[in-house]
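Reviewing the structure listed below.
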Amino acid sequence: MFIVFIIGTAGSGKSLLTASFNEWLKVEKQKTATVNLDPGVLTLPYAPDIDIRDYISVNSIMREHGLGPNGALVMAADLIAEEAERLGGEIEDLQSDVVIVDTPGQMELFAFRASGPYTANELTKEPKAIVYLFDAVFSFNPLNYVSNMFLSAAVYNRFFFPQLHVLSKCDLLPPEEANRIVEWSGDPEALEVVIDEKLTGTRRLLSREMMQAIHRLGLRFHLIPVSGKTNEGLINLGSALERILVGGEKFTL
């Protein structure tokens with residue numbers, strides 16, 4: 001069994017990618033399951049096999065503790081850790097080869113609270129990987145792209161799982177613009193050129209220094225362009241996950 005966490009900023013397409021990647025893997029004859037870890041989501045584009053909303057209600061937390069929506073979401077995120085053992089048992093019972101975990105819409109609730117890494121580690125001891133989403137429309141601005149690089153590095157620092165990077169919602173950009181972002185991810189010099197061209201003053205200085213710092217650390221962010229709407233790039237995402245989790249073999253043999 002392999003666990004794949006889908007992580008990214010709000011609106012980056014985590015749930016849609018979870019749905020489309022799950023369906024694509026099934027077409028490829030893989031045994032899959034989905035887990036929703038967002039207690040505040042109202043609707044999902046897939047029917048989760050395991051749903052944290054069956055155990056934690058944001059509305060109930062608001063009523064019982066007199067909290068607003070944001071405070072209730074923070075409390076709910078921490079309560080997920082208390083359900084980790086039960087959720088892990090359910091995951092084991094599914095006997096799937098690939099389990100796709102759709103994390104909370106507000107990334108910080110999962111990635112930047114102590115409960116997030118704890119939950120991720122306690123769900124199961126099986127091999128895990130993270131798919132981090134770079135929102136294509138947001139990332140087209142080099143300032144935003146560098147900011148996303150730092151967020152991705154911070155996520156890696158929190159979990160220390162193998163991590164892939166996806167340019168999500170790439171269908172919303174013309175192909176040449178999506179390809180330009182992908183080029184930045186593989187060529188630091190190309191990114192530095194566009195930073196110098198598009199940014200000025202402190203924004204240029206900070207973006208250049210942050211980008212260089214990340215590369216000095218040896219971190220790489222090669223992007224896989226993917227669309228959860230058109231299924232573009234899912235074969236490349238699946239192959240990349242197979243390489244880092246099972247050495248290039250299929251998840252289900």
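Report yes if Asp78 is in a loop (DSSP other than H, G, I, E, B) and either under 17 Å from the mean Cα position of the chain (by Cα) or surrounded by 14 or more Cβ atoms within 10 Å (Cβ to Cβ) (or both), otherwise no.
no
Restricting to segment 141-163, name every residue that is outside any helix (DSSP H, G or I), among the aromatic types (Phe, Trp, Tyr) and in contact (Cβ under 8 Å) with a residue 60 or more places away in the chain. Let's see the steps before the verdict.
So in segment 141-163, the residues outside any helix (DSSP H, G or I) come out as 141, 160-163.
Filter once more, so that each one left must be among the aromatic types (Phe, Trp, Tyr): 160-161.
Within segment 141-163, just Phe161 meets the criteria.
Yes or no: Asp171 at pLDDT 95 or above and closer than 12 Å to Leu223 by Cβ?
Details: at pLDDT 95 or above: yes; closer than 12 Å to Leu223 by Cβ: no.
It is false that Asp171 is at pLDDT 95 or above and closer than 12 Å to Leu223 by Cβ.
Can you say whether Lys26 is without any contact (Cβ under 8 Å) to a residue 40 or more places away in the chain, basic (Lys, Arg) and under 23 Å from Leu241 (Cα atoms), as far as the supplied structure shows? Show your work before the answer.
Details: without any contact (Cβ under 8 Å) to a residue 40 or more places away in the chain: yes; basic (Lys, Arg): yes; under 23 Å from Leu241 (Cα atoms): yes.
Spelling it out, Lys26 is indeed without any contact (Cβ under 8 Å) to a residue 40 or more places away in the chain, basic (Lys, Arg) and under 23 Å from Leu241 (Cα atoms).
With segment 164-253 as the region, which helices (runs of 4 or more DSSP H) entirely inside it contain at least 2 residues that are more than 22 Å from Gly8 (Cβ to Cβ) and of a type in the set (Asp, Glu)?
In segment 164-253, the matching helices (runs of 4 or more DSSP H) lie at 188-198.
A quick yes/no check of all residues on (1) of a type outside the set (Phe, Trp, Tyr); (2) buried (at least 23 other Cβ atoms within 10 Å of the Cβ); (3) on the phi < 0 side of the Ramachandran plot:
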{"site": "Pro117", "(1), (2), (3)": "yes, no, yes"}
{"site": "Ala120", "(1), (2), (3)": "yes, yes, yes"}
{"site": "Pro127", "(1), (2), (3)": "yes, no, yes"}
{"site": "Phe134", "(1), (2), (3)": "no, yes, yes"}
{"site": "Ser139", "(1), (2), (3)": "yes, yes, yes"}
{"site": "Pro142", "(1), (2), (3)": "yes, yes, yes"}
{"site": "Phe161", "(1), (2), (3)": "no, no, yes"}
{"site": "Leu172", "(1), (2), (3)": "yes, no, yes"}
{"site": "Glu176", "(1), (2), (3)": "yes, no, yes"}
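The values are calculated or read from the model by the stated rules, or taken from the named source; none is laboratory data. Since the model is a prediction, treat every value here as computed from it, not as a measurement. In this analysis, Cβ positions are derived from the backbone assuming ideal geometry, glycine residues included, and neighbour counts consider all displayed protein chains.
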